[in-house]
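Below you'll find the structure, written out as C-alpha cells, and then a few comments.
The values are calculated or read from the model by the stated rules, or taken from the named source; none is laboratory data. Just so you know, these numbers come straight off a predicted model, no measurement behind them. Don't worry about glycine lacking a Cβ; one is built from the backbone with ideal geometry, like all the others, and counts go over all protein chains shown.
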Amino acid sequence: MRDNLYITKYALVGPQGIWPDLSCEASKKYTITEADKRSVDYDLSNFIGSKGLRFHDKSSKLAMTAVRILLDNLDNIDRYTMEDLSVVVGSDGALTLQYQVVAEALNNPRMMNPRLYPNRGCNVIAGQISLMFGLHGESTVVSSGYNSGVDSLIYASRKCLINNTLSYVVAGGESIGKARHLRTSLRSSKDGDEVKEIEAGFACLVENQSIGNRTHNPKEWNITAFLQRSIPGKHIETAISDFAVDNGFSMEEIHRCIYAVEGCGWIRNGSDIKPIPYDIYGGTILTAFFESVSKPSSNGQTMRCILANLDRHGMFSTVLLINHQN
Amino acid sequence: MANIKISGYGAVTPLGANSKISFKNLLMGKDAFKQSTFLDLSDDFFYQKKIAEISEHILDHRFGDHNCFATVLTMLALNEAYEMAGSPNLSGSRVGIAISTLESQALENIVKAMEIKDDQQLNRSLHYADSQYCVTTIRRHTGAQGPSIVLSNACASGNHAIAAGYDMIETGEVDIAIVGGGCKIFQSAVVGFHQFTGVSGDTCRPFDRNRSGTMLGDGAGILIIESADHAKKRGHCPRIELLGYGVSCDSYDMMAPHPEGLGMELAMRRSLTMANISSNQIQYINAHGTGTTVNDKLESISIHRVFGEQYLSLPISSTKSMIGHALYAASALEAVWCCRVLDENMIPPTANFQTKDDECPIDCVPNQARHTTVDCCMNNSFGFGGTNATVIFRKCHAR
C-alpha cells in the first residue's frame with residue numbers, strides 16, 4: 001500500500017472533443033468517446049500548431065495534444081523545472097508511419113525520406129513529446145500492446161517511488177488504420193470483434209506527494225498499489241479479486257472496476273457491468289477511467305477503483321486507485 | 001538505496017557465442033565486419049556492404065528459428081548469465097524481466113506479405129512482430145511470472161532495461177530480474193542508416209579525426225541482477241554491483257544530439273547522483289562511441305564537463321569499433337563488457353584508431369587493450385529521439 005503517489009491531473013482527446021475543455025463547462029464535455037464517431041477530425045493544430053509536424057504520425061499528434069492540454073492545466077507548474085519532467089508513453093509505435101517507412105525502405109530505399117526514419121522506432125512518440133515541450137527528464141516507451149497504457153502508469157509509479165523528486169507524464173495516442181488493425185487482429189479471442197476501434201489520446205501526471213512540499217489535493221487519485229504478473233489460465237475477474245484482497249479490500253469495497261481482456265473491456269460499478277464500447281488499443285483502460293472520473297460527482301465519498309488489463313499471453317497488469325473526495 | 005548485484009551476465013556476438021570468447025577477441029582488437037549474407041545489399045545505394053553478423057549456425061532450435069533470431073540470441077545470452085549466476089530459480093512471481101529485444105525483421109515480412117497477399121506469411125509475421133514475443137519466450141523457458149516490460153528507447157534501450165530491472169528490485173516487487181536485450185540487424189535499419197549517412201563507407205573509427213560513421217552489428221547481452229539479500233540467502237557471491245543509473249532526454253531533435261551534449265551530460269550526472277559517488281571514482285567508461293562525427297565530439301565534450309580535466313586520462317573506449325552498433329541491444333552488450341572489465345581488469349581498445357582528433361582529446365585506449373585495475377565503471381548510451389541512459393557498475397569489494 002502506497003500513500004505518497006498520485007495522479008494529479010489528466011487530459012483526454014477523443015472524437016467528441018477534449019477534456020478538460022476550459023472554454024466551456026466541463027460537465028457538458030465529459031463524453032469524448034461514446035458517440036458513433038470513431039476518428040478525431042477536428043484540427044489538432046489548434047492545440048499543438050503545425051510547425052515541424054510534417055513527419056508525425058496521427059497517433060503522435062493525439063498524444064501530443066493530450067500532453068499539451070495536461071500541461072496547460074497544471075495550475076502549479078512552477079514546482080517543476082522542465083529538466084525534472086519525464087515522459088513515458090505506452091505504445092507499440094507510430095504504427096501507420098512505421099509501416100510506411102518499412103515499405104519505402106524495402107521498395108525504394110533511395111527515395112526513403114531520412115526525416116521519416118525515426119518513425120521506424122517504437123520510441124518516436126515519447127521523443128516527439130519531449131521535444132515539443134522541452135522536457136529533459138526521461139523519455140521512454142513501454143511496448144506491451146493492449147497492456148501498454150496500464151503498464152506505462154506502473155512504470156511511472158515505480159520511478160516516482162524510487163526517486164521522489166521525479167514526476168512523470170504518462171501518455172498515449174492511437175490513430176485508426178490498417179497498421180493498428182493488423183496488430184489488434186492478433187487477439188486470441190474474437191470477443192472484441194464487434195467493439196469499434198476509435199482514435200484517442202490521453203495524458204496524466206504522476207507525482208510523488210513530496211515534490212515541492214506539495215499539499216495533497218483530496219480530489220487527486222492515489223496510486224495505492226500496482227501489480228504485473230503472469231497468470232496463465234486464470235480468469236481476469238479472479239485475478240482482480242485476488243489483487244483487491246491482497247491489498248486489504250473485498251470486491252464489495254471496490255466501487256469501480258475498469259478492465260479488459262485484450263480489446264474487450266468492461267466497466268463495473270457495484271454490481272452493474274457494462275461493456276466499454278470502444279477499443280483504443282493500449283489506451284482503452286486509462287481513457288475509460290479518466291472519462292468515467294471526469295463525470296461530475298459530488299457524493300464526497302472515498303472511491304476505490306481498479307484498472308486491469310490481461311493480454312493474450314496471460315500477462316496481467318493492474319492498479320488500485322483511491323480518491324478520498326470524489 | 002538498494003543493494004543490487006550482478007549475479008551473472010552473458011553475451012552473444014559475431015566474435016563469440018559467449019561473453020568470455022567475445023571479450024577475449026575484443027581485447028585482441030579483432031573486428032567482425034563481413035559482407036552481409038542475411039540482407040540484400042546488392043543495390044549500389046548501399047555503399048557499405050559489411051555488417052558484423054552472427055551466422056545462422058548459432059541458432060538453437062530450442063529457442064526458435066531465423067524468424068525470431070533476436071530472441072534466440074537473447075536466450076543464448078541468458079543461458080550464459082544463468083550459469084554464471086549459479087543457476088538460480090527463475091520461476092515464480094519474484095522474478096522480473098526488462099528487455100529491449102524486438103523481432104524487427106517481422107515488420108518487413110508483414111509488409112512483404114501484404115504486397116504479395118500471402119495470408120499465411122502475414123499471420124506468421126504478425127506473431128513475431130508482437131512486442132511481447134521475446135518476453136513470452138523467456139517466461140516459457142524460465143517459468144518467470146513477475147513483472148515484465150519491453151523498453152523501446154532506440155539505441156539506449158538496453159541501459160533503460162537495466163534501469164527498469166533495478167526499479168523492480170528496488171520497489172520490492174522482485175528478488176531477481178533478467179535485463180538486457182538482443183538485436184538482429186534488419187533491412188530497413190540499414191536503409192535508414194545509409195539514407196542519413198550514419199553508416200561509414202570505410203569502417204567504424206570512434207574518436208578518430210577521420211571517422212565517418214558507424215557500422216551495424218548483431219548481438220545480445222543479458223544481465224541477471226539480484227538483491228544482495230536474495231543472493232546471500234541462496235549462497236551466491238556476486239562480484240559486481242549495479243550502483244545506479246541516469247536517464248535524460250535532449251529535447252533538441254529526433255535524430256541529431258543536443259549541440260552542447262546537454263542530455264548526455266544530464267544522464268551521466270544523474271547516474272553519479274543515484275550511485276552516490278563522485279566522478280573521480282569512475283575508472284573506465286564504455287562510450288556510446290558510434291564513430292559518427294557529431295556523437296563522438298559531443299560525448300567527449302559532455303564527459304569533459306562531467307569529469308573535468310580528469311577526462312584526459314580516463315580510459316574511454318568504444319567496442320562498437322569491433323562489433324558494430326547493435327541498435328537497441330547495444331548498451332546491453334556494452335554493460336556486459338563493463339562487467340568483464342571489472343572481472344578481468346582488462347580494458348578493450350577502440351579499434352581502427354589512426355589519427356587523433358583535437359575535438360575528442362580523450363584517452364580512447366587506441367588499438368591495444370590495457371591491463372589496469374578498474375573498480376568502478378560507467379556505460380553510456382544515447383539514442384534517436386534524444387533518449388539517453390547511463391549505468392554505473394562497481395566491484396563488490398570496492399565499497
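A few remarks follow.
- B:Gly180 on the phi > 0 side of the Ramachandran plot, more than 9 Å from chain A (Cβ to nearest Cβ) and either among the polar types (S, T, N, Q) or buried (at least 24 other Cβ atoms within 10 Å of the Cβ) (or both): yes
- Restricting region B:1-54 to residues that are among the polar types (S, T, N, Q) and in a loop (DSSP other than H, G, I, E, B), the residue that is nearest to B:Val95 (Cα to Cα): B:Asn3
- Qualifying residue in region A:60-67 (condition: within 11 Å of another protein chain (Cβ to nearest Cβ), modelled with pLDDT under 90 and either closer than 22 Å to A:Gly201 by Cα or crowded, with 23+ Cβ neighbours inside 10 Å (or both)): no
- Qualifying positions in region B:146-157 - closer than 16 Å to A:Asp151 by Cβ and at the interface with another protein chain (Cβ under 7 Å from one of its Cβ atoms): B:Gly146, B:Pro147, B:Ser148, B:Ile149, B:Val150, B:Leu151, B:Ser152, B:Asn153
- Selected residue (criterion: modelled with the lowest pLDDT) from residues of region B:369-399 that are within 30 Å of B:Asp229 (Cβ to Cβ) and not in a strand (DSSP E or B): B:Arg399
- Matching residues, region B:238-278, being without any contact (Cβ under 8 Å) to a residue 60 or more places away in the chain and more than 10 Å from chain A (Cβ to nearest Cβ): B:Ala256, B:Pro259, B:Glu260, B:Gly261, B:Glu265, B:Arg269, B:Ser278
- Leading residue by the ranking (farthest from the other protein chains (Cβ to nearest Cβ)) among those in region A:87-112 that are buried (at least 24 other Cβ atoms within 10 Å of the Cβ) and more than 27 Å from the chain's Cα centre (by Cα): A:Met112
- Answer residue from region A:113-130, given it is within 7 Å of chain B (Cβ to nearest Cβ) and at pLDDT below 90 and is surrounded by the most Cβ atoms within 10 Å (Cβ to Cβ) among those: A:Asn123
- Those residues of region A:39-64 which are more than 14 Å from A:Leu131 (Cβ to Cβ), touching a strand residue (DSSP E or B) at 6+ places or on another chain (Cβ under 9 Å) and in contact (Cβ under 8 Å) with a residue 40 or more places away in the chain, in sequence order: A:Val40, A:Asp57, A:Lys58, A:Ser59, A:Leu62
- Of the residues making up region B:307-333, those that are in a helix (DSSP H, G or I), buried (at least 23 other Cβ atoms within 10 Å of the Cβ) and at negative phi are B:Lys320, B:Ser321, B:Met322, B:Ile323, B:Tyr328, B:Ala329, B:Ala330, B:Ser331, B:Ala332, B:Leu333.
- For B:Glu103, the conditions (1) within 17 Å of B:His141 (Cβ to Cβ); (2) within 11 Å of another protein chain (Cβ to nearest Cβ) are fulfilled apart from (2).
- Options B:Leu78, B:Leu90, B:Leu73: the member that is more than 26 Å from B:Met322 (Cβ to Cβ) and either at pLDDT 95 or above or assigned to a helix (DSSP H, G or I) (or both): B:Leu90
- Within region B:356-399, considering residues that are closer than 16 Å to B:Thr290 by Cα and among the hydroxyl-bearing types (Ser, Thr, Tyr), the one nearest to the other protein chains (Cβ to nearest Cβ): B:Thr387
- In region B:334-359, the qualifying residues are those that are touching a helix residue (DSSP H, G or I) at 6+ places or on another chain (Cβ under 6 Å) and of a type in the set (Val, Ile, Thr), and the one that is surrounded by the fewest Cβ atoms within 10 Å (Cβ to Cβ) is B:Ile347.
Residues are listed down the side, and each one gets a yes or a no for (1) at positive phi; (2) among the polar types (S, T, N, Q); (3) at the interface with another protein chain (Cβ under 7 Å from one of its Cβ atoms):
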residue	(1), (2), (3)
A:Glu138	no, no, yes
A:Val150	no, no, no
A:Ile154	no, no, no
A:Ser157	no, yes, no
A:Asn163	no, yes, no
A:Ser167	no, yes, no
A:Lys178	no, no, no
A:Thr184	no, yes, no
